[in-house]
Ligand code: GDP
């Protein structure tokens, strides 16, 4: 049985917490896309952790964590992350890294920085983790798979060949120091030592696990709107954020993915550039940012303040549809308890017409939000475990949004902890 946990929007919906919670009943947790450019924040009995590469299940001793072939693997960051959790008394996790996973090279990170500098004000708001140059090279077929680290002669020859083309760009486009092949080769030898204990054929491992009826979670990074095909191109990430890609990025049959849990946050936040129709500004945004998440809405990787907005039914309905949602996990609902009225974006006005269909980027940039105000519930809801015990206005908020997006809300998260969850039988799937 495979379950995917993915985001409906711009990321930071609380996927880490939901994965961590579901990992209790799972055997294997797989990262299948993305890299160390975004993070998950997890709160558990060991403390508060920001993970960038490791899946959220690493804190359980019964689970195996898999870095699938679709991931952009930053080896020093992975090593550091493993150390950072074992240093804080978390038992050493069982980690497997796909031998087909490709490596984020030091020059990918540099190219990311140089390109953002070159673009100046027109930049994409990259986290400068090397993700776009990495995936460009992967699909240009000039990337390095982990298994290549173990082929000494081939590696040397390939490093020399790749450096020739990279150095032309460094010299003539960016006017930056050139890469020295022997130095790069030395770095890659160190990478080999760091990663060797974890490398295997993870798709064969997962095939066997499926035969043995194990429960596998696919943990997505970012959300639908950052998908390179279906998101707000070009302000997207460079690997697919959709559950469907989980089959490719983990190396499993697509029909094995039985449950797709799409995480939606009770309000919106986004990082990086790009249209954000329900965005709010000034004191209204500052207050939501301060109160949001667990200790404020600031990037887990970058510390950047997130852009804030009201819940967007248009974007979320689209986000859930592209994921193939079977269940919505509705998170961070506890944060909204301070508001007298809660605006919700129920449509986009584009060139004088109102639509509830999420448009292509050129139209999205012209969209103005159509807001509807729902009454607030004006109290704390943490600690509540039964749906019926939530205040009337709070249930009305959940049910209004469920009706607008058209997918069943079966989980409601009302706090950052593992146990802050309300399960619910949705009328949409009775
Ligand atoms: P991810 O990238 O989708 O995993 O999202 P983040 O790591 O940015 O998670 C959002 C933040 O919200 C984290 O700090 C979580 O601890 C926190 N969080 C998750 N669910 C809830 C919730 O229901 N209530 C509150 N207050 N915080 C939550």
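The values are calculated or read from the model by the stated rules, or taken from the named source; none is laboratory data. No experiment lies behind these values; they were computed from the predicted model shown. Methodologically, a virtual Cβ is constructed for each residue, glycine included, from the backbone with ideal geometry; neighbour enumeration extends over all protein chains shown.
Summary of computed values
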{"item": "Qualifying residue in the range 269-289 (condition: closer than 28 Å to residue 80 by Cα, out of contact with any strand residue (DSSP E or B) (no Cβ under 6 Å at 6 or more places or on another chain) and assigned to a loop (DSSP other than H, G, I, E, B))", "result": "yes"}
{"item": "Residues (part of a helix (DSSP H, G or I) and out of contact with any strand residue (DSSP E or B) (no Cβ under 9 Å at 6 or more places or on another chain)) located in the range 10-69", "result": "24, 25"}
{"item": "Every pair of residues 6+ apart whose Cβ atoms lie under 6 Å, when the first sits in the range 8-19 and is farther than 8 Å from residue 40 by Cα and at pLDDT 90 or above while the second is near the ligand (Cβ under 6 Å from one of its atoms) and assigned to a helix (DSSP H, G or I)", "result": "none"}
{"item": "Check on residue 25, more than 16 Å from the ligand (Cβ to nearest atom) and either under 25 Å from residue 294 (Cα atoms) or surrounded by 20 or more Cβ atoms within 10 Å (Cβ to Cβ) (or both)", "result": "yes"}
{"item": "Close pairs (7 angstrom Cβ cut-off, 6 or more residues apart or separate chains): over 14 Å from residue 217 (Cα atoms) and at pLDDT 85 or above in the range 44-60, part of a helix (DSSP H, G or I) and more than 11 Å from the ligand (Cβ to nearest atom) anywhere", "result": "46/59; 52/77; 52/81; 53/77; 53/78; 53/81"}
{"item": "Check on residue 2, closer than 22 Å to residue 135 by Cβ and touching a strand residue (DSSP E or B) at 6+ places or on another chain (Cβ under 9 Å)", "result": "no"}
{"item": "Scan of the range 248-268 for residues that are surrounded by fewer than 20 Cβ atoms within 10 Å (Cβ to Cβ) and not in a loop (DSSP other than H, G, I, E, B), ordered by number", "result": "248, 254, 255, 256, 258, 259"}
{"item": "Of the criteria (1) away from the ligand (no atom under 16 Å from the Cβ); (2) on the phi > 0 side of the Ramachandran plot, which one residue 249 fails", "result": "(2)"}
{"item": "Check on residue 311, within 13 Å of the ligand (Cβ to nearest atom), buried (at least 24 other Cβ atoms within 10 Å of the Cβ) and modelled with pLDDT of 95 or more", "result": "no"}
{"item": "Condition check for residue 88: more than 27 Å from residue 186 (Cα to Cα), surrounded by fewer than 22 Cβ atoms within 10 Å (Cβ to Cβ) and out of contact with any helix residue (DSSP H, G or I) (no Cβ under 7 Å at 6 or more places or on another chain)", "result": "yes"}
{"item": "Conditions (1) under 20 Å from the mean Cα position of the chain (by Cα); (2) not in a helix (DSSP H, G or I): number failed by residue 82", "result": "(2)"}
{"item": "Residue match in the range 327-336 (condition: out of contact with any helix residue (DSSP H, G or I) (no Cβ under 8 Å at 6 or more places or on another chain) and loosely packed, with under 14 Cβ neighbours inside 10 Å)", "result": "no"}
{"item": "Qualifying positions in the range 396-424 - closer than 25 Å to residue 295 by Cα and either away from the ligand (no atom under 16 Å from the Cβ) or part of a loop (DSSP other than H, G, I, E, B) (or both)", "result": "414, 415, 416, 417, 418, 419, 420"}
